[in-house]
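Note sheet for the following structure.
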Amino acid sequence: MPNPRALFLALALALALGLTGLALPPAQAAAPHDWATLQHDGSLVQVPRDVFAADAGAGNPPGRMLRTPDGRAHLHVFTVHNERGESPAQFLARVFPRDRTRLSYDRVARNFFAVSQPSEALILYRRCNFVAADIHCVDLQYPRAEKRAFDGIVTRISLSLRPR
């Protein structure tokens with residue numbers, strides 16, 4: 001019968017050797033991110049300043065755009081007026097009339113929607129909260145190869161979106 005301590009040490013050594021060969025993307029640092037609250041045009045959202053560290057201009061629709069220093073990922077925060085008084089479902093049907101089966105994530109609730117669409121190289125994620133006559137949104141675009149590294153970041157940004 002094999003020695004349990006020897007098996008444990010062998011397993012620990014194998015895991016250690018296997019993990020040292022991994023190259024983690026910059027967004028997946030072991031240390032917690034440097035989160036800050038970004039305020040823009042009536043919206044509040046938590047943003048990891050160490051990831052989205054560079055200004056990327058105003059964007060379209062006008063808002064606040066940030067990017068990673070190397071430009072591989074972008075964050076766009078914006079607010080638009082809900083001129084038609086549409087629900088999230090009505091808004092999505094109008095602005096995204098294509099076949100939604102291409103989406104990897106599609107959630108529509110009474111007061112928000114969140115959708116994600118992967119392409120060969122990128123993932124586009126959008127969440128919009130409907131508050132009174134305004135629609136507060138975040139768009140994230142990041143490399144598909146870094147999906148796991150960005151999952152937690154996208155979740156925290158998405159759940160933190162609030163009106164000011």
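The values are calculated or read from the model by the stated rules, or taken from the named source; none is laboratory data. Please read all numbers here as calculations on a predicted model, not as lab measurements. Reconstructed Cβ throughout: ideal geometry from the backbone, glycine too, with neighbour counts over all protein chains shown.
Results, tabulated for the structure shown:
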| item | result |
| --- | --- |
| Set Ser158, Ser119: member being at pLDDT below 95 and either closer than 17 Å to His33 by Cβ or of a type in the set (S, T, N, Q) (or both) | Ser119 |
| Residue tally, condition surrounded by 18 or more Cβ atoms within 10 Å (Cβ to Cβ) and not in a helix (DSSP H, G or I), over segment 83-115 | 4 |
| Of all residues in segment 148-164 being of a type outside the set (A, V, I, L, M) and assigned to a helix (DSSP H, G or I), the one that is farthest from Val45 (Cα to Cα) | Arg148 |
| So Ala132, is it exposed (fewer than 14 other Cβ atoms within 10 Å of the Cβ), out of contact with any Leu (no Cβ under 9 Å at 6 or more places or on another chain) and within 30 Å of Pro32 (Cβ to Cβ) | no |
| Hey, Ala121 touching a residue at least 12 places away in the same chain (Cβ under 8 Å), surrounded by fewer than 15 Cβ atoms within 10 Å (Cβ to Cβ) and either acidic (Asp, Glu) or over 14 Å from Ser160 (Cα atoms) (or both) or not | yes |
| Output for segment 29-68, where each listed residue is in contact with a strand residue (DSSP E or B) (Cβ under 7 Å, 6 or more places away or on another chain), at pLDDT 90 or above and among the hydrophobic types (A, V, I, L, M, F, W, C) | Trp35, Ala36, Leu38, Leu44, Val45, Val47, Phe52, Ala54, Ala56, Met65, Leu66 |
| Sole exception among (1) aliphatic (A, V, I, L, M); (2) outside any loop (DSSP other than H, G, I, E, B); (3) farther than 16 Å from Ser158 by Cα for Ala58, by number | (2) |
| In segment 58-82, residue surrounded by the fewest Cβ atoms within 10 Å (Cβ to Cβ) [restricted to those that are over 20 Å from Glu146 (Cα atoms) and polar (S, T, N, Q)] | Asn60 |
| Meets criteria (modelled with pLDDT of 90 or more and either among the aromatic types (Phe, Trp, Tyr) or within 14 Å of Ile157 (Cβ to Cβ) (or both)) for Phe8 | no |
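A quick yes/no check of all residues on (1) over 15 Å from the mean Cα position of the chain (by Cα); (2) touching a residue at least 40 places away in the same chain (Cβ under 8 Å):
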site: Gln39; (1), (2): yes, yes
site: Phe52; (1), (2): no, no
site: Asn60; (1), (2): yes, no
site: His74; (1), (2): no, yes
site: Ala89; (1), (2): yes, no
site: Ala93; (1), (2): yes, no
site: Phe96; (1), (2): yes, no
site: Ser104; (1), (2): no, no
site: Val108; (1), (2): yes, no
